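Down below is the structure, laid out as C-alpha cells.
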Amino acid sequence: MTTLRFLGLRLLGMAGTLLVISVLTYAVFYLLPTDPAMLSCGKPCTPARLAEASAFMGYDKPWWAQYLDFLAGIVTGRHFGSGLAAVDCAAPCFGFSFRLNTPVTELILDRAPVTFSIAAGAAVLWLIIGVSAGVAAAVKRGTAVDRSAMLLSTVGVSAPSYLVGLLGILLFGFTLDMVPVGGYVPFTESPVDWLWHLVLPWTVLALLSAAIYARLTRGQMIEVLGEDYIRTARAKGLRERRVIGRHALRNVLIPVITVFGLDLGSLLGGAVITERVFSMQGLGALLIDAVNTVDLPVIVGVTLFSALLVIVANFAVDLVYSALDPRVSR
Amino acid sequence: MLLSVQDLTISFEAGGDLSEATRGVAFELRRGRVLALVGESGSGKSVTAMAILGLLPGTAAVRGSITLEGEQLLGAAPDRLRELRGGRIGTVFQEPMAAFNPVFTIGDQIGEAIRTHRRLTSAAVRERVGDLLGTVGLDDPERIARSYPHQLSGGQLQRSMIAMAISCDPVLLIADEPTTALDVTAQAGILDLLRELRGRIDTAILLITHDMGVVADLADDVVVLENGRVVECAPVARLFAEPAHEYTKTLLDAVPTFGATRPAPAAGAGILSIRDLVVDYSSRVRAVGGVSLEIAAGEVLGLVGESGSGKSTIGRVLAGLTPVTSGAALVAGTSPVTSTSPVTSTSPVAGISPVTGTSPAAGIDIARLARHPWRNARALRRARSGIGIVFQDPASSLNPRRTVADSIAEPLVLHRDLTVAQQRVRVGELLDAVQLPAAMGRRYPHEMSGGQRQRVAIARALALNPPLLIADEPTSALDVSVQARILALFRSLQDDFGFACLFISHDLAVVEQLAHRVAVMHRGLIVEQGSTEQVLHNPQHPYTQRLLAAIPVADPQRQADRRAARVPADH
C-alpha cells in the first residue's frame, strides 16, 4: 500500500469516526428531557413565546433535522432568527450558545489556548520525568534508586490531583509566595507571566502523570534489556550509556509513545480538574459551566472538539509509531 | 596460545543459594583453529562464552583464568574489556532475527560496531560496511545495508551478523550456536563461510553447539561439557572415531543418523485425504499452493520442508485453526484401534473400553468446516476429537497453571462422559504409556524437564485414542539425547496404538526413523513424495537432493567427502 493511499484511508476513517461520535452526542444530549427553548424563554413563559423561542433556535424541528442543520452549519455557517434579533454564526459553525450569546466555535477558540498551554507543558514535563525515572529504576533494578522511584510513583498514581493541586497552592502560592495562586495570562500578553502562572499546574499534573509513565517505562526497559539484541550491542563493545540510550530506549519508547499520544489527546480536550483547582478558564471549565447551565450547544461542541483531538492524537501516534518502528511502516 | 581458559568456575547466586554453572573448565585455542564446545542445555557452554566476553550478569562469581594473547581477562578493567569486545573478539549469536535490533538498519548496526573501535569518516564506514557484506557472500550489499532486520531472511541476517563480528579484524570469533535457528541449506552456507573466513582472515573460532553434525563439519578440536565439567577433549577425528568418555558416546549415539528406514505397514484404509489444498494468508501470500496428500490408517507420513515451506500451515488446517482458500481435507471415520490397544486391554475398569471404540464422524471435511468456525463449532469439535496434536514447544503448549494430570484429562472432560474416577484411571494409563511415573500427574509443567513435558503433551494428544495424530516438530526444542528417547517412545507408541500420523519436521534424519512415507514441501508445493526409502535414499527432485546434501553428517571424514561433492547451494 502506498503512503498516500494509507493516509487517505486513515483520514476517511477519522472523518467517519467523528461523524458517528457527532450523531451519538447529538442524539444523547438532544433527547434529554430538558427543553432548551424553555430555558431561554424568559418569564413569564407563555406558550406563544415558547414556540417563538423554539422556532428561533431551530428546536421546533425533529432531532435528526436539527442534526442535519448542525452538519450543514459546519460547512456553510448558520443564521438564527430574522430582523434586529437575528444572530449570525459564521462557518465553521458548531452551534450557538444562546445563553452566552456567542457562537460555540468562538468560545472554543477562546478557551483552547488556556487548556493547550496547560496540557502541552505538563505533557513534555511528565514524559521527561516519567521516562527518566523509569529508565533509572530499570537500570538500577533492585537498588535504593529503583525502590524509591517506585514508591514515589505509587504515591503519584494514587494521589488525587485536586488534593495535590490545593496543597501546592497552599505551600508555594500562599506560604512561600513563590508563584501566583491561580489565573491565566495569555502568552501574547506577557510570556513571563504566562510561564509563571503555569509552573505550578504543570508540575502538579506532570508529577502525577509521570508516575504511570515511570512504571510503564521501567517494565518495558527491564523486558528490552533481556533481549538478544542488547547482548549483541554489548558484545560489539558499546558503552553501557549507548546500549541503554540508543538500542534499548528506542524500543522502550514505542509503547510509551502510544499511551502518551492518547493521554495528551484527552488532556487537550479539557484539563477539567486542573483548570478548576487553579481557576483557569480553559475548555474544561467551559464544559463544566455548560453542564451546570444545561447549555446544550456548548456541551455538544466541546465534546466533539475533544473527540476530534483524541482522534487526531491517535493519528499522530500512528505516524510517530511507524517512524519509530520500521516493522509497521508499509 | 591465543586463548587459554584454565580452571574456570562460574557460580550464580540466587536466593542465597550458590549454584555452579561450570567447574574447573579448561581448554586452549590456537590461531587458525576451530574449537567446538559441545554439550546439551545446562552444560555451561554458553556461560563459558559469556565469561570470555565479560558479559556475565552481576550475580555471577567467576574464578580461574582466561587469557587472550597472554592478557588476563578475568578482573580486567571494564574499559579494556569493552575495547576487546567487538575489537579483538567478534561474536555471532544464535537467533539472527532476535540478535539484531529491529529498529535500526543492518548497515547502521554494522557501522556502529566499526565506529566504536575505529576512527573513520562516515563515508569510509559506509564503504567498509559494503565491503564486509560482500565478503560474507551477500549479493547486493547496498540493499542489505539499507534493510531492516525483518526484511531479510535468516541466512542473510546471519551472514550480516558474521560481517559485523569480523568488522574490526578480530583474532577470536565466538560463534554461539550460529546455525541452530537456520534451515539446513542456509546452515550449510554459513558453515562454509565460517570455514572459509578462518583461513582468510586468520582468526580462531570458538564454536558453541549442540549439533554433532556441525561439529563434524567445522571443528578441529572438540571439548565435551557435561553439567559444567569438561568430560573429554580431543581432536575431532579421534573424538568421533573413538570417544573415550561414556557421555560422549551417549551424545554420538543419540544423533539421528541415516540408515534404517521403517518398512511400510500393511496397506490400511485411508484415514486422511487432502485434495488440492490452497491456503492464502493474504492476497499476496500463498502459504500452500495446491497440495494433495493421503494417509492410510496406521501409517506415518513425514512432511518435511524448510521454514516458510507451508508444512506447518497444513498441520494448522487439519487442526481446524486456519481458514482454507480452496480444496478439501477429509478425515475418514475409520477407527483402527479398538480392543487391540494395550492401554484399554490392560484397563482394569470396564467402563473405559467404549472410549477407544467410538469413531470420529465419518468423512468430515475439516477445510470446509473451518471456513465458518463459529457456525460449525460443534462439528469441528467432533472432528478434532479424532485428531491428536503435539506441538513443538511443550513449555508453552501446556497450561502452566494446571497440573499435568489436569492437562491430560482435559480432552476427556470435553469429549467424553466419564466419571472423575474413570478419568483418573485413564490419566494413569496414559502416564504409564508415555513412561512417566503416576506421581508425576500432580506436578506442574515448570517442575518437569523438557523431555518430560513433551511426554505429557503426547499423553494428552493420545487421551482420546485418536486414529490420527499430528506432530509438528515435536522434538525440535529438545536436546539430542532427550530427542532420541522421545523418538523411541513415539515409535513404540505408534506400534502399540497403531494411530496414523502426520509428522511435520525439518529434520530429515528424524523423519527417516519414524516415517513410512515422506513428502517434501518447497514453497507451498509438494515437490516429491514416496516411500521413505525412495525419497531419502534415491531422491529424484533437485530440491530434495540439495536438502539432503546440505545436512551435516556426524562424521568428520564422511562430512568432508560430502562437502567436496556438494554442488554449491544458492542462497
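Every read-out reported here was derived from the displayed coordinates using simple, explicitly stated rules and does not represent laboratory data. Just so we're clear, the structure is a prediction, and the values are computed from it rather than from any experiment. FYI the Cβ positions are ideal-geometry reconstructions off the backbone, even for glycines, and counts take in every protein chain you see.
For chain A, the longest principal axis of the Cα atoms and the long axis of helix A:47-57 meet at an angle of about 50 degrees. Ordering A:Trp202, A:Trp194, A:Trp64 by the number of other Cβ atoms within 10 Å of each residue's own Cβ, fewest first, gives A:Trp64, A:Trp194, A:Trp202. A Förster distance of 45 Å, applied to the separation of the beta-carbon atoms of A:Leu71 and A:Arg327, puts the FRET efficiency at 0.70.
Compute the Cα gyration tensor for segment B:424-475, then decide on rounded, prolate or oblate, letting a ≥ b ≥ c be the square roots of its eigenvalues: rounded whenever a/c is under 1.5, prolate when a/b is larger than b/c in the other cases, and oblate in all that remain.
Numbers: a/c = 2.37, a/b = 1.15, b/c = 2.05.
In terms of gyration-tensor shape, oblate.
Under 5 Å from the amide H of B:Gly44 lie the amide H atoms of B:Gly228, each residue being 5 or more positions distant or on a separate chain, with H modelled from the backbone and absent for Pro and chain starts.
The Cα center of segment B:420-481 and the Cα center of segment A:251-307 differ in position by 56 Å. Dipole orientation for the protein assembly as shown: of the candidates A:Leu109, B:Leu478, A:Ala86, A:Ala86 has the Cα lying most toward the positive pole (charges on Cβ; Lys, Arg +1; Asp, Glu -1).
Straight-line cross-link reach from A:Lys236 at under 18 Å between alpha-carbon atoms covers these aspartates and glutamates, not counting any fewer than eight positions away in the same chain: A:Glu227, A:Asp228, B:Asp79, B:Glu83, B:Glu95, B:Asp108, B:Glu112, B:Asp169, B:Asp176, B:Glu177. With a Förster radius of 35 Å applied to the beta-carbon distance between A:Ile288 and A:Ala159, the computed FRET efficiency rounds to 0.95. Answer rounded, prolate or oblate for segment B:383-470, using the Cα gyration tensor with square roots of eigenvalues a ≥ b ≥ c: rounded when a/c is under 1.5, else prolate when a/b is larger than b/c, else oblate. Because a/c hits 1.5 or more and a/b fails to exceed b/c, segment B:383-470 counts as oblate.
Taking square-rooted eigenvalues a ≥ b ≥ c of the alpha carbon gyration tensor, is segment B:2-101 rounded, prolate or oblate, where a/c under 1.5 means rounded and, failing that, a/b exceeding b/c means prolate? Rounded, since a/c falls under 1.5. For segment A:204-216, the Karplus equation 6.51 cos²θ - 1.76 cosθ + 1.60, evaluated at θ = phi - 60°, returns couplings of 4, 4, 5, 4, 5, 6, 4, 4, 5, 5, 5, 5, 4 Hz by residue, with Gly and Pro reported as x. Modelled spin labels at B:Asp202 and B:Gln540, positioned 7 Å past Cα toward Cβ, are 5.3 nm from each other.
Could you please rank B:Ser283, A:Ser190, B:Ser476, placing first whichever residue has the fewest other Cβ atoms within 10 Å of its Cβ?
Arranged by neighbour count, lowest to highest, B:Ser283, A:Ser190, B:Ser476 become B:Ser283, A:Ser190, B:Ser476.
A straight line joining the Cα centroids of segment B:64-108 and segment B:190-247 runs 21 Å. Each label point was placed 7 Å from the Cα along the Cα-to-Cβ direction; for A:Leu24 and B:Arg30 their separation is 7.6 nm.
Segment A:62-82 and segment A:183-232 have Cα centres spaced 42 Å apart.
Counting every other Cβ atom within 10 Å of each residue's Cβ, A:Val124, B:Val25 order from fewest to most as A:Val124, B:Val25. With a Förster radius of 35 Å, plug the Cβ-Cβ distance of A:Leu171 and A:Arg241 into 1/(1 + (r/R0)^6) and report the FRET value to the nearest 0.05. The calculated FRET efficiency here is 0.45. Within the listed set A:Pro201, A:Pro92, A:Pro103, the Gaussian network model of chain A (springs between alpha-carbon atoms below 10 Å) gives the highest mean-square fluctuation for A:Pro92.
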